[in-house]
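Written out below as structure tokens is the structure these notes cover.
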Amino acid sequence: MSTQAEYGHELVPRPEQTPDALRAALAVVDPDRLPEMRRTKEEAFAKAVEWQSFSPVRSWVLMWARDIEIARRPDLAARYARAQSNLEHEDAAIAKEALRELSLVLDEAMKAVRG
């Protein structure tokens, strides 16, 4: 795990991009999602075997690294929650802005985990 806080307050250090490290981090920052993680891991590995490709596994790792990046950083988690809560707002301008903000948060988290 990374030991340096790059973005201020973090709930846990950024985990290594391995299934065990990601699971350990998720157990701290969002334990309710552990069953989802397990299910999607099984699906990714099954696709990898079927397709004879590591791409489903790599996609799984990146998706969970991104989601954990958001959950471990209260600043991103708050922005993500606000944006999600406004996605279906009756005011189209607010919903459009929420979609833009959600995209920005996801992009920022993905850039952080890709290094």
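The values are calculated or read from the model by the stated rules, or taken from the named source; none is laboratory data. Computed from a prediction, not measured in an experiment: that's the story for all the values here. No Cβ is skipped: glycine too gets one built from the backbone with ideal geometry, and neighbour counts run over all protein chains shown.
Within the set of pairs 6+ apart or on separate chains, which have a first residue in the stretch 80-98 that is closer than 22 Å to residue 69 by Cα, a second that is among the charged types (D, E, K, R) and in a helix (DSSP H, G or I), and C-beta atoms under 9 Å apart?
80/101; 82/101; 83/97; 83/100; 83/101; 86/97; 86/101; 98/82
Looking at (1) surrounded by fewer than 12 Cβ atoms within 10 Å (Cβ to Cβ); (2) in contact with a helix residue (DSSP H, G or I) (Cβ under 8 Å, 6 or more places away or on another chain); (3) among the polar types (S, T, N, Q), which is the one condition that is false for residue 52?
Of the numbered conditions (1) surrounded by fewer than 12 Cβ atoms within 10 Å (Cβ to Cβ); (2) in contact with a helix residue (DSSP H, G or I) (Cβ under 8 Å, 6 or more places away or on another chain); (3) among the polar types (S, T, N, Q), the odd one out for residue 52 is (2).
When you scan the stretch 81-94, do you find a residue that is in a helix (DSSP H, G or I), closer than 21 Å to residue 18 by Cα and at pLDDT 95 or above, even just one?
Checking the stretch 81-94: not a single residue is in a helix (DSSP H, G or I), closer than 21 Å to residue 18 by Cα and at pLDDT 95 or above.
This table checks each residue for (1) exposed (fewer than 11 other Cβ atoms within 10 Å of the Cβ); (2) among the acidic types (Asp, Glu); (3) touching a strand residue (DSSP E or B) at 6+ places or on another chain (Cβ under 7 Å).
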position: 22; (1), (2), (3): no, no, no
position: 47; (1), (2), (3): no, no, no
position: 92; (1), (2), (3): yes, no, no
position: 101; (1), (2), (3): no, yes, no
